[in-house]
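Here's the structure, in structure tokens; my notes come after.
The values are calculated or read from the model by the stated rules, or taken from the named source; none is laboratory data. On a predicted model such as this, the values are computed, not experimentally measured, just so you know. Heads up, the Cβs are rebuilt from the backbone with ideal geometry, glycines too, and the neighbour counts pull from every protein chain shown.
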């Protein structure tokens, strides 16, 4: 049989579990937003790298002589801020995958 105490404890347990679920859903929503923002930034950075490569190819093709082919200079390394954004995006993506199981 069910006593009033057992029913009350079960209700409290269910309430606590529901509160945890709601808190997790709120956290997931925030993470999704951050992933979206970082994904957009990453996409913009990729476009910027592609644009710089095209510029470099254009400059290299104008300067290179047919007799002597020079190796193009490497692209400028990503800024510290860009690397931090990418690293943060990868962490959020990892957390999301871990959470999903």
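Would you confirm whether any residue within region 37-53 is at pLDDT below 85 and either surrounded by 10 or more Cβ atoms within 10 Å (Cβ to Cβ) or not in a helix (DSSP H, G or I) (or both)? The answer is no, given that none of the residues of region 37-53 is at pLDDT below 85 and either surrounded by 10 or more Cβ atoms within 10 Å (Cβ to Cβ) or not in a helix (DSSP H, G or I) (or both). With respect to being closer than 29 Å to residue 86 by Cα, in contact with a helix residue (DSSP H, G or I) (Cβ under 8 Å, 6 or more places away or on another chain) and touching a residue at least 12 places away in the same chain (Cβ under 8 Å), residue 49 falls outside the description. Of all the numbered requirements in (1) modelled with pLDDT under 75; (2) under 13 Å from the mean Cα position of the chain (by Cα), residue 85 misses one, and that requirement is (1). The residue list 93, 78 contains one member that is within 20 Å of residue 39 (Cβ to Cβ), touching a helix residue (DSSP H, G or I) at 6+ places or on another chain (Cβ under 9 Å) and modelled with pLDDT under 70, which is 78.
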